[in-house]
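Inspection log for the structure reproduced underneath, given as structure tokens.
The values are calculated or read from the model by the stated rules, or taken from the named source; none is laboratory data. These numbers were taken from a predicted model, which means no experiment stands behind them. Heads up, the Cβs are rebuilt from the backbone with ideal geometry, glycines too, and the neighbour counts pull from every protein chain shown. Areas reflect the complete protein model, heavy atoms only, side chains present, ligands, DNA and RNA absent. Shrake-Rupley method; radii C 1.70, N 1.55, O 1.52, S 1.80 Å.
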Amino acid sequence: MLDFVTDKVHDENRQGEAFAPFSSDPNQFRKLFYIESYGCAMNFADSEIVASILHNEGFGATKIVEEADLIFINTCSIREKAEQTVRKRLTEFKKLKKKKKGMLVGVLGCMAERLKAKLLEEEKLVDLVVGPDAYRSLPALVDEAEGGQKAVNVLLSRDETYADISPVRLNSNGVSAFVSIMRGCNNMCSFCVVPFTRGRERSRSADSIIAECTTLFENGYREVTLLGQNVDSYYFLDEKNDITVTFAMLLERVALISPLLRVRFSTSHPKDITDEVLHTIAKYDNICNYIHLPVQSGSSRILQLMNRTYTREWYMGKVDRIKQIIPDCGISADIITGFCTEEEQDHQDTLSIMEYAKYDYSYMFFYSERPGTLAQKRYTDDVPLEVKKRRLQEVVDLQNRLSLESNKKDIGKAFKILIEGESKKSESDWMGRSSNGKVFVFPKEQYSLKKGDYAVVQANDCTQGTLLGKIVEL
Ligand code: SAH
Ligand code: SF4
Ligand code: F3S
């Protein structure tokens, strides 16, 4: 989960300041807004679009919630717990609202879309409810809400991509940025609420993506992560040049901006990732050797009920193919335990596919039934909570072992590391990442490096989550 608040004041250490609209003088703004984000990276990126839209209308950002005139919470519906977290936060905002006359609270994102106007009844002190495709109407909705009306816009669009909006980088480290390349999802995984909250899949124009990434690079950024629910189905008809841009072509174009700009992407649906994409990754040094390839379950029977459209064997074949074309590729997954009708044998299949793929990292969850999804309509959520949780614990324990084994295998090897900032634990250490997604911590020593620089670091020790190393080359 990504949770952040916005920076009000200009941060001296920040690169990319040309993007920053924040000022130390709040009087120059019509209103101050505070925004908090939950859920996936796409929500994080959307909050940067929201900040840009509001900024263009004369609103300024603050990280002090008490001084805000407008509080926005960008919400997630993926699991019940995600919604509970948001509801809890809303009760805290309500207290602030009672203290400060005229303060408005707006719910944005997936919960706004899922619950629509119902949210206004359920959460009496919410003033605005705005879905993910309706952010352009935010300034007008704020005016409405200020006039005392409850403001709602949850219309989903078939073509909104916010392509022309330059996101305002919020709380950024000045090195890495998210870039949305598409919105929505056309898959119908039976457990998933996203197609209902985000609408139909649509791709953003390749030129606008390249322009955004180029500006980021010129502003000192050294890593972009291209975001979509299913990036491999990116597909843009470039009428000007009469070509259809595929994801592999887009990756190549972003990689060509500069060899110093690292390119990452998320998420790949196993059914859609092509050899062409794998060869493009292998061809360019600056496209990171790391693929997030959610498996969800290792049982073909469960995968079918989940409507994932691949089998266990097919997925294993994809892992083989990745390792064949990109031998040192990092692979991570999303895993759900306790989906409807899951038996002990299905669970064992999940554990064994994890061993097979040797994931470097996983995001692991127990199944949470979501209203309106295919699974909720068709199947019974029949695995008891304690069984779901026990299986999840087994999956987590196995992943911990796999992560440690994967890190141990890297000891002695040298990696090119992009420095993201100081280590949280010590001012005398840097923190950065290797192309295959591993977190490195290493002493700064006498070198005059700064964040955004590269260094070659040899790993000499590790924990389950981090490799410890020493600079061997600049
Ligand atoms: N588009 C991505 C994932 C989006 S949601 C993909 O296709 O892989 C992120 C992850 O949340 C999913 O991969 C899944 O593992 C998990 N998830 C989604 N719905 C869930 C549910 N109802 N219960 C538990 N986990 C869920
Ligand atoms: Fe959800 Fe499946 Fe779409 Fe991912 S691909 S967002 S899991 S429906
Ligand atoms: Fe959550 Fe919506 Fe993302 S449901 S995971 S914030 S697309």
Item to check | Peptides 376-384, 77-85 ordered by average Cβ neighbours within 10 Å, highest first | outcome: 77-85, 376-384
Item to check | For the chain, cysteines whose Cβ has no other cysteine Cβ within reach (under 4.7 Å) | outcome: Cys40, Cys76, Cys110, Cys185, Cys213, Cys288, Cys329, Cys340, Cys462
Checklist entry - Ignoring ligands, DNA and RNA, what percent of the 1.4 Å accessible area of region 414-473 is carbon and sulfur? => result 48 percent
Item to check | Separation of alpha-carbon centers, region 106-170 and region 310-324, rounded to whole Å | outcome: 41 Å
Item to check | Amide hydrogen neighbours beyond the local backbone of Asn230, cut-off 5 Å, H modeled | outcome: Thr267
Next on the checklist: Treating region 263-329 as a set of equal point scatterers at the Cα positions, no solvent, please give the Debye-formula log₁₀ I(q)/I(0) at q = 0.23 Å⁻¹.
Outcome noted: -0.97
Next on the checklist: I need the peptides 324-337, 134-147 ranked by packing, meaning the mean over residues of other C-beta atoms within 10 angstrom, with the highest value on top.
Outcome noted: 324-337, 134-147
Next on the checklist: For the chain, what does the accessible surface come to per residue with a 1.4 Å probe? Please give it in Å².
Outcome noted: 43 Å²
Next on the checklist: Please report the antiparallel percentage of DSSP beta bridges with both residues in the chain, rounded to the nearest 5.
Outcome noted: 40 percent
Item to check | Ratio of the Cα radius of gyration of region 213-341 to 2.2 N^0.38 Å, where N counts its residues | outcome: 1.16
Item to check | Beta bridges by DSSP in region 176-409, antiparallel share as percent, to the nearest 5 | outcome: 20 percent
Next on the checklist: Along the Cα→Cβ direction, 7 angstrom out, place labels at Glu239 and Asp275. What is the inter-label distance in nm?
Outcome noted: 3.5 nm
Next on the checklist: Could you order the peptides 49-59, 402-412, 286-296, 105-115 from most to least packed, using the average number of other C-beta atoms within 10 Å per residue?
Outcome noted: 105-115, 286-296, 49-59, 402-412
Checklist entry - Counting alpha carbon pairs within less than 8 Å and at least 6 residues apart, what relative contact order, in whole percent, applies to the chain? => result 10 percent
Checklist outcome for this item: Output for region 192-245: trypsin sites (Lys or Arg not before Pro) sitting in coil per DSSP, at most 11 other Cβ within 10 Å, listed by number, reads Lys240
Next on the checklist: Just to compare against my own numbers: the Cα pair-distance distribution for region 176-409, 10 Å bins, whole % per bin, please.
Outcome noted: 8, 30, 34, 21, 7, 1
Next on the checklist: Just to be sure I follow: if Rg is taken over the C-alpha atoms of region 277-402 and Rh is the Kirkwood radius over the same atoms, what is Rg/Rh?
Outcome noted: 1.01
Next on the checklist: Can you return the lysines within cross-link range of Lys124? Criterion is Cα-Cα under 19 Å, with same-chain partners fewer than 8 residues away left out.
Outcome noted: Lys88, Lys94, Lys95, Lys97, Lys98, Lys99, Lys100, Lys101, Lys116, Lys150
Checklist entry - Which percent of the accessible area of region 176-409 is formed by carbon and sulfur heavy atoms (probe 1.4 angstrom)? => result 53 percent
Item to check | For the chain, alpha-carbon Rg and Dmax in angstrom | outcome: 22.6, 65
